[in-house]
Each structure stands twice: as structure tokens, then as C-alpha cells.
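The values are calculated or read from the model by the stated rules, or taken from the named source; none is laboratory data. This structure is a prediction, so every number in the text was calculated from the model and none was measured. Here the Cβ positions follow ideal geometry from the backbone for every residue, glycine too, while neighbour counts run over all protein chains shown. Heads up: the accessible areas ignore ligands, DNA and RNA and are worked out on the full protein's heavy atoms, side chains in. Shrake-Rupley method; radii C 1.70, N 1.55, O 1.52, S 1.80 Å.
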Amino acid sequence: MTEMEVFVLKDQGGNYVSHNSISYDQESKQVIYSYSPQLTNGYYTCSAFDYAQTCLDRLNQSQKRFKLNKEFHIEKIATVATYTKEDSLGLCSKFPIRHECIDFNDNERWIWILKDSKGNFANANSVCKWNKNTWLYVTFKTFGKECRGYVDQYAVDRALTKLYSRIKEMGIKETFRIEYVKLSDVIKQNKAFEGENMVVVEKKLVA
């Protein structure tokens with residue numbers, strides 16, 4: 001099978017990780033750190049370095065939040081195009097995925113948010129049709145009650161995918177990044193902000 005060069009994320013022990021290897025369970029108040037000694041499903045490869053860097057940035061944001069004393073980096077490797085698969089019963093016993101659970105509760109609430117290239121807050125519904133002839137792209141300079149935050153990375157990933165799809169349909173160029181922020185901090189910034197918070201970009205459809 002043909003080998004190809006790809007980018008992967010690893011921790012300081014050489015284990016494979018992904019951008020969501022650090023997660024937090026609100027009910028148990030535990031941080032779950034997931035990793036794999038081998039490349040397998042869920043610890044995917046990135047064909048482009050820029051995307052690998054985006055994943056690394058997100059992982060480092062979680063690391064900064066939960067202070068797990070982990071270090072992460074990007075490596076370029078040669079690999080075949082298939083990974084370890086589930087067995088015929090769909091069991092995951094063959095997956096070399098390991099988990100560390102750490103108690104954590106500082107009574108702070110953090111959320112995942114989307115920002116565009118100008119640093120404005122966006123969400124999955126930032127792009128909409130005002131009427132049959134007009135598109136609107138609506139963002140906010142600070143995080144107010146009109147904005148949307150996401151509790152987990154899976155939700156913000158879905159929002160980001162939808163946002164990119166809608167921005168492409170609208171026909172304007174924009175890039176987005178995901179950040180992990182303390183809710184009280186962004187609310188405080190919003191309360192101190194003066195001026196017009198909403199930013200609206202309008203685009204007429206060509207007849």
C-alpha cells in the first residue's frame with residue numbers, strides 16, 4: 001500500500017493525540033485526557049500543516065485551561081492509508097486508546113467560541129438570507145446576549161462546519177478560529193464596551 005507524508009499531533013511521551021484529547025465532564029467534574037501509543041481511529045492525520053497547527057492551538061488552549069502539565073507538538077510522518085479498525089462486532093477492544101481522569105473543579109465556566117479574521121464573535125447562524133435577494137453576515141465585537149457559546153468541542157466543530165458552508169454559499173471570503181474563553185471575562189468585556197457592537201455585512205444577489 002502506498003505511503004504518504006502527513007502531519008500528526010503528539011504529546012511529550014510520543015503518544016498520538018487529537019485536538020479534542022482534553023475534555024471536561026461537567027457531571028463528574030473530571031478532566032479526561034485521551035491518547036494512543038499507536039495511530040488509530042480518532043487520532044487522525046492532517047494533510048496540511050496549517051490545519052495541524054489549528055488543531056495544536058486548540059489543544060494548547062485546553063491544556064492552558066486545565067493545567068495538565070502536558071506538552072504537544074506536530075510531527076510529519078509517513079503512513080499507510082489505513083488505520084486500526086473495529087472488529088466484526090464493532091468492539092473497540094483492539095483500539096490502543098488510553099484515558100487519564102483527573103478531578104477538577106474551580107467553579108469557573110468556560111465556553112468555546114468562534115471568531116472571524118477581524119476578531120469578531122460569530123456563530124453557526126451568523127450567515128442568513130434577509131430576503132430572496134439579500135445575504136447578511138452578522139457578527140459582534142464583544143460577547144453579548146446575542147452571541148452563542150458552545151460547551152464542548154463537538155458542538156463548536158459542527159457550528160464551524162455549518163458556518164464555513166454558509167459563508168461559501170453567501171460568496172464572501174472569511175476565515176474563522178476557535179477559542180476557549182472564560183465566560184465571566186468575555187461578559188465583563190462586553191459590559192465595558194461602548195459603541196455599536198453589531199457588525200453587518202450585506203451582499204445582494206446578482207440577478
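Among the residues of the stretch 160-174, what is the count of those that are farther than 20 Å from Trp112 by Cα and not in a helix (DSSP H, G or I)? Final tally of qualifying residues: 3. Just so you know, in the stretch 19-31 the residues that are without any contact (Cβ under 8 Å) to a residue 60 or more places away in the chain and buried (at least 19 other Cβ atoms within 10 Å of the Cβ) include one that is nearest to Lys67 (Cα to Cα), and it is Ile22. If you filter the stretch 128-144 down to residues that are surrounded by 15 or more Cβ atoms within 10 Å (Cβ to Cβ), over 19 Å from the mean Cα position of the chain (by Cα) and of a type outside the set (Lys, Arg), you find that the one that is farthest from Gln189 (Cα to Cα) is Trp135. Filtering Ser36, Ser23, Ser18 for residues that are of a type in the set (Gly, Ala, Ser), over 16 Å from His73 (Cα atoms) and at pLDDT below 95 leaves a single hit, Ser23. Considering the stretch 145-159 alone, what residues qualify as being open to solvent by 70 Å² or more (accessible area, probe 1.4 Å) and outside any helix (DSSP H, G or I)? Once the filter is applied, which keeps residues that are open to solvent by 70 Å² or more (accessible area, probe 1.4 Å) and outside any helix (DSSP H, G or I), the stretch 145-159 yields Lys145, Glu146, Arg148, Val151. Checked against (1) open to solvent by less than 20 Å² (accessible area, probe 1.4 Å); (2) not in a helix (DSSP H, G or I); (3) not aromatic (Phe, Trp, Tyr), Arg177 passes all but a single condition, namely (1).
Once the stretch 104-127 is narrowed to residues that are open to solvent by less than 20 Å² (accessible area, probe 1.4 Å) and under 27 Å from Ser28 (Cβ atoms), the residue that is farthest from the chain's Cα centre (by Cα) is Ile111.
Touching a residue at least 12 places away in the same chain (Cβ under 8 Å), touching a helix residue (DSSP H, G or I) at 6+ places or on another chain (Cβ under 9 Å) and surrounded by 18 or more Cβ atoms within 10 Å (Cβ to Cβ) - does that describe any residue in the stretch 187-203? So far as the stretch 187-203 goes, no, none of its residues is touching a residue at least 12 places away in the same chain (Cβ under 8 Å), touching a helix residue (DSSP H, G or I) at 6+ places or on another chain (Cβ under 9 Å) and surrounded by 18 or more Cβ atoms within 10 Å (Cβ to Cβ).
The set of residues from the stretch 154-170 being under 13 Å from the mean Cα position of the chain (by Cα) and small (Gly, Ala, Ser) comprises Ala155, Ala159. If you go through the stretch 1-15 and keep only what is within 16 Å of Ala78 (Cβ to Cβ), in contact with a Cys (Cβ under 8 Å, 6 or more places away or on another chain) and of a type in the set (A, V, I, L, M), you end up with Val6, Val8. Annotation note: Cβ proximity below 8 Å between a residue of the stretch 134-146 that is on the phi < 0 side of the Ramachandran plot and a residue that is hydroxyl-bearing (Ser, Thr, Tyr) (sequence gap 6+ or interchain) occurs for Tyr137/Ser126; Val138/Ser126; Thr139/Ser126. Here is the figure for the stretch 122-138: residues that are in contact with a Leu (Cβ under 9 Å, 6 or more places away or on another chain) and either over 21 Å from Arg158 (Cβ atoms) or part of a strand (DSSP E or B) (or both) total 9.
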